[in-house]
Every structure is written in C-alpha cells, then in structure tokens.
Amino acid sequence: AEAMLISLVSLLSTSSSRFSVPRLDELPDSTPRFFAIRSLLGSQRETVMQQRKWQLRRAMHIDTEMMPISNVRPAVRDASAVDMAQMQHTKDCRQRLRSKVQAHPVQPVKASADHKLLQKRVLILISDTGGGHRASAQALEAAFEEVRPGEMDVRIVDIWTDYGKWPYNKFVPGYQFVAKNPILWRTMYFSSAMPVVKPFLQLQTRIACYRSFKGCIEQHDPHLIVSMHPLCQEVPLSIVKKQQKQRDGRHIPFATVITDLGSAHPTWFHKGVDMCFVPSDAVRSLARRRGVAESQLRQLGLPVRPAFWKEAEPRAKLEQELGLTEGRKTVLVVGGGDGVGSLDKIVDATATQISRACPDEAQLVVVCGKNAKMQQRIMSQTWDHVDVQVRGFIKRMSDYMAVSDCIVTKAGPGTIAEAAIRGLPTMLSSFLPGQEAGNVPFVTRNGFGDYSKKPKVIARTVCDWLQDPKMLSRMSTNARAVSMPQASTAIAQELCMMIDSSEVNVAAQHF
C-alpha cells in the first residue's frame, strides 16, 4: 500500500499545475495495478476493490481529496529551480506518507474472503446408506483439489438426512437394519424398481421433499451438482430444470457418478442429466437400456481414495509400520465399513485351514469396521500356528492391501475397485441382493477372484491360492488389468470442463 501511494504521489507531482490528489476510485481502468486486480477478481472485482479502498483510507487517516501536491508556487522563475523545488516537495510527501504508514499500518484483507468469491461451488448429493457413497464423494473432492488446486468449493451433503422430511430423513438407520436382513432388502429393492411402483414412489418423495430440497440447492447456490446416490436424481433434477426457466435460461450442470460396478438400480439413470459417469461395460449397457443417450455417457471407472492413485511403498516397510509379522503370506479379511455381516465363522474356518495346510507360513488381518462386538468376539479366540490380528475401523486400507496376498470381502464396489488397483485376488463372501449382485460376475469373469458364502469353501479356496504362487500371480495380473487408479481425477477433469462450458454459454448469451 505504501509503495502504491508513493508511486502515485511521484506521478502527480511532476505536473506544474495546481490540483489535488484524485480519489483512488477515480483512477482510470488502464492503470496497471487496476488491470491486475480486475483480472484476478473477475466479476466480483468492483465490490472487493471498494472494500479495500475504504480500509486503506480509514487505516491511514488520509483525506485523498484535500491533500495538496503542488499547491505552493515557487517564487523563482528559473526552470531548474522549479524542478528542484518540486523534487524537494515530492521527497517531503514521501516522508510524510512513510510516517503515516508506520503510525497506522494497514490491516491486511483476508485472502480467504476474496478467494471464496472466486471458487466454483460443487454440490455433491449423497445418502450415507453404507460407507461407499461418502467415501466416493470424498475421493472426488480430493480429485477436484488435485486437478484445480484452490479453485473448487466442494460441499458433500447427505440431502435425505439433512433436508428430507420424516420418514425420509431416517434412511441411514433404516438401511443399517434392512441390510442385515437380506430377504427384506431384496423385497424393497426389486419392488422399488418395478415400473408400476417407481412413479408412485417418486411422486410421494416429490410431494414430501421438493420444498426442502429446493432450499438446499438455493442455500448452496452451486455451479455444478453431482449425484452420487441412486435416490439423488429425480427431485433435485426437477428443481434445477425449473430454476433454469426462472433464471432466463441460466443452466446449472447436473451429473451422475454411478458407484456400482456390475449392476445398478433403475433410479441411477435419468435422461435429463448432462453427464452420466459409469464404471464398467455392464453398467453402461444398463444406462443405454434405460434411455440415457450415448453422448451423455462417460466410462472412466469408479472413484477411489487418493491413497490408491499412486504406487504403494515397499512391503517390508509397511509391514513394520502396521505391526505385522514380516515375511509371511497375508490374508486380509474385511467386513465392510459398517461392520455389516458375520465374520467370525469365516475367520475361524480360514485360520483353522491355514494352520493345518501351511502352519507358521501365513497370517490373517481381520478388519471389523465399526462392529465393536464382532471385534471383541474374534479377539477372544486363539488359533495355533497362525497369527490373527484384529482391527476395527482403519484409515490405511491401501497399505493393508499392499501387504496382503489376497482379500476376503463382501461384494462392495469400492473395496473391489481398490483391491483390483492393488492387484489382490479377491474372494467374495456375500453380497446385498440387487445392486451388489452384479459385482460377483465382475470379479469372477475377469479372472481375479471367486465367490462362496460357505466359510469352509472360502477357507479351502484361500489356502489353495496361498499354496499356488503362479495362480496368485496370474490373478493379480488380471486384477490390475481391469483397475482404473486414475478414475477420480479423470472424472473431476470432466466435471470441471462441464463448469467451464456452462460459463462460456452464459457469457455468449450475454454477449
């Protein structure tokens, strides 16, 4: 600020006429510093500049309209003497300004306030029915920061819990109950997909939640909306379409990122979206059958967490950090983030089989998620000639996968996608009827795993893999062949291009 004002005083003092220093907001737009600031602030530049000028004047106590520069005419007429007098006057002005700046330092304007005005707001809609939707949303949030650092303001909202009306705001506890009862889940899943029932359910949710969902969208005022849940298309998209008509055609891009690998509920697919991101050939075919145009589809994979975007660290180092026995073959047994499913029988059968087939050669790492009772139950058991280590909810899943030779897990799409990136042969132990059923053939047909719900069959299969290094190597190669570690950043780049294209269209309309 000091340098700016001193330069301005020096410029104005070269004139021989009498005048006062102009107000800062009277400077022409051609002034270089104005050009730089306007380029930075974009459409918000005028408001921010006025705030900065006001803060500058108040902090320095300078009345810029009354401060004279050349109001004293020298008595001499010699040109050189006049120049000398003006130079001395300029020096005096500089000194007075320096003293004022030192006495009243300018309080810096917070960069975050200006920065928030420039960021593009991305509203990601989810429902926390299982840990996979939020994990994928957080992976996409990290990808936005990777692709365009500091340019995106990403907001992940569980729209049903935070804005839905009763009983829709109870989706999460309802899911946790129904997921433990596969028969009940199957009934609800397939009945909601029936052509006769689906329109009735959509009408019901629109009547109950339209106004509150509209308030959510207006509150966040996004430049882009991304749905990452099958129940976040119908009502939000109808709100966006109506707002577009009310805003003289201003369009908010709407995209769907499907987080199921081998199959998907019909509510995932809506012909009104601008873009639909699918993770596999199977889901792409479903989208086409549901009326989504080929031009709307992008097949880039499933969003995965940042730890899986790069190669893992050396195995020996990770084993030491994670407290595992070094040099042993490792079987990773995962029960899901919510701890859904019974692990104790699988762990018991696998540990018993390993202790017989290859004693003191392998270890089990059991991840129980948030199921504390299951964790305590397994920890209370002991097995001979096999090391069993039990974990709760973990944050270093990438590292645990990197030190493992194979994995036993339910057919969750996120776990399968991440296991494929780490090249893990995958033994599927269960799946939810409906959306997870298609994940089983995704693993088996691509040659990097098998499925059985019987603990003894799972145990024998895993032991066979551990005793056949060639089979493990072949399955690991097949897993990596279908993996897409850069899916998150690829999707984020496409979404950023949607925002850019929308802004270009708006600018063209105004032009």
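The values are calculated or read from the model by the stated rules, or taken from the named source; none is laboratory data. The model shown is predicted, which means the values in this text are computed figures rather than measured ones. Backbone-built Cβ (ideal geometry, glycine too); neighbour counts: all protein chains shown. Surface accessibility is based on the protein's heavy atoms, side chains included, excluding ligands, DNA and RNA. Shrake-Rupley method; radii C 1.70, N 1.55, O 1.52, S 1.80 Å.
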With a probe of 1.4 Å, find how much accessible area the range 125-208 has per residue, and write the answer as a whole number in Å².
56
For the range 407-485, listing trypsin sites (Lys or Arg not before Pro) in a DSSP loop whose Cβ sees at most 16 other Cβ atoms within 10 Å gives 453
May I ask for the net charge around residue 454, where only other residues with Cβ less than 12 Å from the Cβ of residue 454 are counted and Lys, Arg are +1 while Asp, Glu are -1?
+3
Which value in Å is the Kirkwood Rh of the range 247-325 over different Cα pairs?
15.2
The range 220-289 - Rg over Rh from alpha carbon coordinates, Kirkwood radius
1.01
Which lysines, if any, have their Cα less than 16 Å from the Cα of residue 470, not counting same-chain residues under 8 positions apart?
329
Total charge of the residues flanking residue 267 in space, meaning their Cβ is under 11 Å from its Cβ, with Lys and Arg +1 and Asp and Glu -1, is +1
What is the sum of charges around residue 199, taking Lys and Arg as +1, Asp and Glu as -1, for the other residues whose C-beta is under 13 Å from the C-beta of residue 199?
+1
Calculate I(q)/I(0) for the range 452-494 by the Debye formula, one identical point scatterer on each C-alpha and no solvent, and give its log10 at q = 0.16, 0.19, 0.23, 0.25 Å⁻¹ to two decimals.
-0.61, -0.70, -0.80, -0.85
Charge dipole of the range 371-511 built from unit charges on the beta carbon (Lys, Arg +1; Asp, Glu -1), centred at mean Cα; most positive-end Cα among 426, 467, 457 is 457
May I ask for the percentage of alpha-carbon pairs in the range 190-253 that lie more than 15 Å from each other?
56
Return the whole-Å distance between the Cα centroid of the range 125-145 and the Cα centroid of the range 391-443.
17
Rounded, prolate or oblate (a/c below 1.5 giving rounded, otherwise prolate when a/b exceeds b/c) for the range 229-370 by Cα gyration tensor:
prolate
Over all alpha-carbon pairs of the range 157-299, lay out the pair-distance distribution in 10 Å bins, whole %, shortest bin first.
11, 38, 39, 12, 1
Amide hydrogen neighbours beyond the local backbone of residue 408, cut-off 5 Å, H modeled
332, 333, 334, 427
Thinking of the range 421-484 as a set of Cα atoms, what percent of all their pairs are more than 20 Å apart?
27
